[in-house]
Amino acid sequence: MSCALSISNLTCKYDDQTVLKSLNLEVKKGEIICLLGASGCGKTTLLKAIAGLLPLSSGQMSLNCRMIDDGENWLPPEQRNIGLIFQDYALFPHLTVSDNVAFGLKGMSKAEKQAIVDKMLSLVHLDGYGERYPHQLSGGQQQRVAIARSLAYKPDLLLLDEPFSNIDTQVRHELISQIRTIFKKQGVTAVFVTHSREEAFAFADKMAVMNHGVIEQFGSASELYHQPSSKFVADFLGGGSYIKATRTSETHYQTELGDVAATDKNTIERGAECELLIRPQQLKLTSSIDSSIRVLELHFMGDHCRYTVELNGQKLTASSDEALEVGQRVTINIQANELLAF
């Protein structure tokens with residue numbers, strides 16, 4: 001796949017305050033990329049810069065090998081052929097669904113427009129909804145109209161800002177799956193913003209985890225979850241517990257739970273102290289009346305439970321194949337061979 005969007009050393013400032021710092025990003029054609037991070041990390045600022053709504057302080061940005069901003073030469077938003085979908089969908093309330101979808105279509109006959117509108121409504125599974133108005137649709141249906149409108153004029157890139165935040169939790173997962181299928185079928189290149197790791201895991205091909213205006217790590221969900229480059233990325237994508245350890249060999253560490261294998265991400269010297277990240281699913285609890293360790297908290301997660309225990313004054317989050325109760329005595333076992341050392 002060739003590169004669709006290329007960003008090099010991008011820096012953006014608001015009132016002399018640097019919001020994005022020397023940022024680099026490559027998006028291939030047909031990829032769905034997620035900008036993931038907490039509020040204020042620069043996700044929406046980057047989206048606005050890509051759209052042309054915010055000038056660069058320095059750096060370069062190209063789309064399909066055409067320079068759209070290099071800090072001096074700037075291509076206006078309307079000439080970039082980039083589609084935008086906002087949180088509130090920005091549908092025109094006085095226009096029908098068909099008229100909303102046709103709004104961006106210029107220089108063609110009424111019949112040609114209608115053919116495209118019909119095709120787009122069929123694509124997003126809204127056949128027969130053309131004469132309705134936005135207020136007559138559910139949130140998920142409004143979102144699909146916004147998608148249809150954006151795809152109607154064949155943008156080179158589609159930008160989505162928190163696209164699923166206004167959707168009921170019950171239908172969000174199904175809608176994410178439907179829209180991802182549509183994008184893949186149409187070969188859409190997209191960049192979307194979210195603070196929800198669940199949405200990112202379900203919708204994106206790759207994720208850029210952002211923190212204070214920089215991309216901490218970029219890659220697939222699996223890469224970032226299993227091989228985080230920093231504690232920030234590890235905690236943001238799932239968290240877990242950290243236990244103190246001492247490196248004893250190239251691959252092994254001594255902990256309060258015994259000798260364990262771990263992957264070193266930061267070149268920790270032999271004999272040096274560090275911390276090992278243990279995901280809840282890697283730490284298993286087993287009931288034992290002889291143990292001094294007790295279950296402190298129980299969190300029901302729907303299809304499983306998470307438990308909190310205390311080991312030498314430190315709280316750990318764990319899982320269990322048994323149904324445990326608060327106050328029950330347990331033993332702790334590490335169930336994974338490869339942990340991460342920081």
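Miscellaneous remarks
- Subset of the stretch 227-264 (residues that are touching a Pro at 6+ places or on another chain (Cβ under 7 Å) and within 13 Å of residue 339 (Cα to Cα)): 234, 240
- Yes/no for residue 103 being under 30 Å from residue 168 (Cα atoms), among the hydrophobic types (A, V, I, L, M, F, W, C) and more than 25 Å from the chain's Cα centre (by Cα): yes
- Contact annotation: residue pairs with Cβ atoms under 9 Å, 6 or more positions apart or on different chains, pairing a residue in the stretch 292-312 that is under 18 Å from residue 238 (Cβ atoms) with a partner that is of a type outside the set (A, V, I, L, M) and not in a strand (DSSP E or B), are 304/281; 306/280; 307/280.
- Number of positions in the stretch 62-106 that are part of a helix (DSSP H, G or I), polar (S, T, N, Q) and surrounded by fewer than 16 Cβ atoms within 10 Å (Cβ to Cβ): 1
- Hits in the stretch 111-137 - residues which are part of a helix (DSSP H, G or I), in contact with a helix residue (DSSP H, G or I) (Cβ under 9 Å, 6 or more places away or on another chain) and either at positive phi or of a type in the set (D, E, K, R) (or both): 113, 118, 119
- Within the stretch 290-331, tally of residues that are open to solvent by less than 40 Å² (accessible area, probe 1.4 Å) and of a type outside the set (A, V, I, L, M, F, W, C): 6
- Search result, residues across the stretch 324-342 that are more than 17 Å from residue 275 (Cβ to Cβ) and at pLDDT below 90: 333, 335, 337
- Some residue of the stretch 149-167 being in a loop (DSSP other than H, G, I, E, B), open to solvent by 10 Å² or more (accessible area, probe 1.4 Å) and over 29 Å from residue 205 (Cβ atoms): no
- So residue 140, is it surrounded by fewer than 20 Cβ atoms within 10 Å (Cβ to Cβ), not in a helix (DSSP H, G or I) and not hydroxyl-bearing (Ser, Thr, Tyr): no
The values are calculated or read from the model by the stated rules, or taken from the named source; none is laboratory data. Note that the structure is predicted; figures quoted are calculated from it, not measured. Positions of Cβ are generated from backbone atoms using ideal geometry, with glycine treated the same way; all protein chains shown enter the neighbour counts. Note: areas computed on protein heavy atoms with side chains; ligands, DNA, RNA excluded. Shrake-Rupley method; radii C 1.70, N 1.55, O 1.52, S 1.80 Å.
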